Every structure is written in C-alpha cells, then in structure tokens.
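For reference, the structure discussed in these notes is given below.
The values are calculated or read from the model by the stated rules, or taken from the named source; none is laboratory data. These numbers were taken from a predicted model, which means no experiment stands behind them. We place every Cβ from the backbone using ideal geometry, glycine too, and count neighbours over all the protein chains shown.
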Amino acid sequence: MEIVEKDFSTIKAVFFDFDGTLYSLKGFIKNLILSYPFDMFKMQREQKVRHLLRGKDFLLESNLKDIHGQELGKLLHQKSDKAYNWYKNQYMIEMLKVLERKFSARKNVKELFEYLKSKNIKIVIYSDYPLVQERMEAIGLGKDILKLCDFICSAQEYGCLKPAPRPLFKIAEKIEVQITDCLMVGDKFATDGEGARQAGMKFVQITDEKAQDKLTWEEFLEFVKAKL
C-alpha cells in the first residue's frame, strides 16, 4: 500500500480533521434531518453554499461570513444577516445537539494523543466548521483530551473553507513546525487531502470500510505506532 511506504520519520505535528475522522459520520445527516425536519431545506441549501465556496480564500472571517450570508440568503430568499444568523445560532447548535445525543468519538483517541505527545509530536484539530472545541466535547472528547492538543481551530476562523492551504501554513508557523514536517489525517481527499497536497504536507485518509490507499481507524492506530 503506497500510504505506508512513504517516509514519515520527519513528522513533528499531526493535523486531525474532525468530522468523519475523530468520529464516524455514518448516519449523521439522517439523524440531523430526523431531529430537525423543518430545517431540512435550509440544511440542503447551506451545503450548496459550502460547495460553492469550497477552497476559496476570503482572508478574513468577517469576509467569509458576509459572502456565506449573501449566498445562503439568495437561496433562502432572505436577507443575508438573517440567513447567516440561522446558520450560526440554529444550525450549528442543532449539529451540537445531534452529536451529543447520537455520536461518540472513535476508540482510543486519548491513548493515541498521549502516544503522540510521548514522541514530542504536536497535535492540531482542524475542522471546516466552527465550534470545534464544543463539538469535541459533544462526542466525549473532554478537557483531558483538549489539554493534549496544541492547537484547535476551524478554517472559517481564517476566512476560508478547505482545501484552501493558507491556514495550514499559518498554523504550522504558530506551532513552530515546518509545514513539510506535518501530517494531515482526514476522511475526505477533496478537502483534507487536497489542502495537504497544496501545502506540501503528507496525508493519510481515514475510512470506515477497508479500501486501497486508505486506513480504517484501527489500521491508523497501528500505523502511528509503526511509523511515527
């Protein structure tokens, strides 16, 4: 398998995607819609906006907020402020509640993070969505896990969506690690993998089913012990 043949000996930081990586996304959309059926139309339109803005870099969080609100407002036939307020103050809260009720972190996350720290490898949690720390806590990754992380953030805080690479360079600079010594771990190549490629990072793709050039979570745990 190509992924395990690469040289990972220089890795000094691991960037973990959140959704689909630190927990399985199986059934997430179904549970979200069943829990909040009257918002299904808005959820679908928000996903269209995210697809439209994917990879675009607006440099500032406020700029992204404005364009996100404008595009969502067009699809919902609402003013941009009202549309964005729904996304921020209702949709994200709905997401938090579903995570807390229905989803749990993958097994042995704490042990994995403790192992990385024992190897002096820094840990970054990097999500496309906001409220990263709150969503971590919602799936059971509490303060004992959070304190093991060196940096937790979303792409939106930097004014863009994945796979825009600029935040990856900024984060690597902040944690004082060369970008080429960073590993991205995520479930989607189009966002996590492409961002890593553009930034010059190595990438490992996590999957819920066995697949070529991808690792299940259990395989990834073994991979870390063997390669990092």
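If you go through the stretch 165-206 and keep only what is touching a Phe, Trp or Tyr at 6+ places or on another chain (Cβ under 8 Å) and in a loop (DSSP other than H, G, I, E, B), you end up with Ile175, Met201.
Number of residues in the stretch 121-135 that are part of a loop (DSSP other than H, G, I, E, B) and within 9 Å of the chain's Cα centre (by Cα): the value is 2.
Out of the residues in the stretch 6-65 that are closer than 21 Å to Trp217 by Cα and among the polar types (S, T, N, Q), state the one that is surrounded by the most Cβ atoms within 10 Å (Cβ to Cβ). In this case the residue turns out to be Thr21. Of all residues in the stretch 103-113, those that are surrounded by 15 or more Cβ atoms within 10 Å (Cβ to Cβ), out of contact with any Ser or Thr (no Cβ under 8 Å at 6 or more places or on another chain) and not hydrophobic (A, V, I, L, M, F, W, C) total 1.
Does Thr191 satisfy the criteria of being surrounded by 17 or more Cβ atoms within 10 Å (Cβ to Cβ) and either of a type in the set (Ser, Thr, Tyr) or touching a Leu at 6+ places or on another chain (Cβ under 6 Å) (or both)? Yes; evaluated as a whole, the condition is true for this residue. Please determine whether any residue of the stretch 140-148 is buried (at least 20 other Cβ atoms within 10 Å of the Cβ), within 22 Å of Leu221 (Cα to Cα), touching a Leu at 6+ places or on another chain (Cβ under 9 Å) and not assigned by TED's automatic domain parsing to the domain that holds Val49. Checked against the condition, which is being buried (at least 20 other Cβ atoms within 10 Å of the Cβ), within 22 Å of Leu221 (Cα to Cα), touching a Leu at 6+ places or on another chain (Cβ under 9 Å) and not assigned by TED's automatic domain parsing to the domain that holds Val49, the stretch 140-148 yields at least one hit. For the stretch 1-57, a residue qualifies if it is charged (D, E, K, R), touching a strand residue (DSSP E or B) at 6+ places or on another chain (Cβ under 8 Å) and in the same structural domain as Ala190 (by TED's automatic domain parsing), and the qualifying residues are Lys6, Lys12, Asp17, Asp19. Among the residues making up the stretch 123-138, those that are buried (at least 23 other Cβ atoms within 10 Å of the Cβ) and over 14 Å from Pro167 (Cα atoms) are Arg135, Met136. Residue count for the stretch 66-87 under the criterion of being part of a helix (DSSP H, G or I) and surrounded by 15 or more Cβ atoms within 10 Å (Cβ to Cβ): the result is 15. If you scan the stretch 48-63, which residues turn out to be of a type in the set (A, V, I, L, M), over 15 Å from Pro163 (Cβ atoms) and part of a helix (DSSP H, G or I)? Scanning the stretch 48-63 gives a single hit, Val49. Of the residues in the stretch 206-217, not one is under 13 Å from Val14 (Cα atoms) and touching a residue at least 60 places away in the same chain (Cβ under 8 Å). Quick check: is even one residue across the stretch 60-75 within 18 Å of the chain's Cα centre (by Cα) and not polar (S, T, N, Q)? Within the stretch 60-75, one or more residues are within 18 Å of the chain's Cα centre (by Cα) and not polar (S, T, N, Q).
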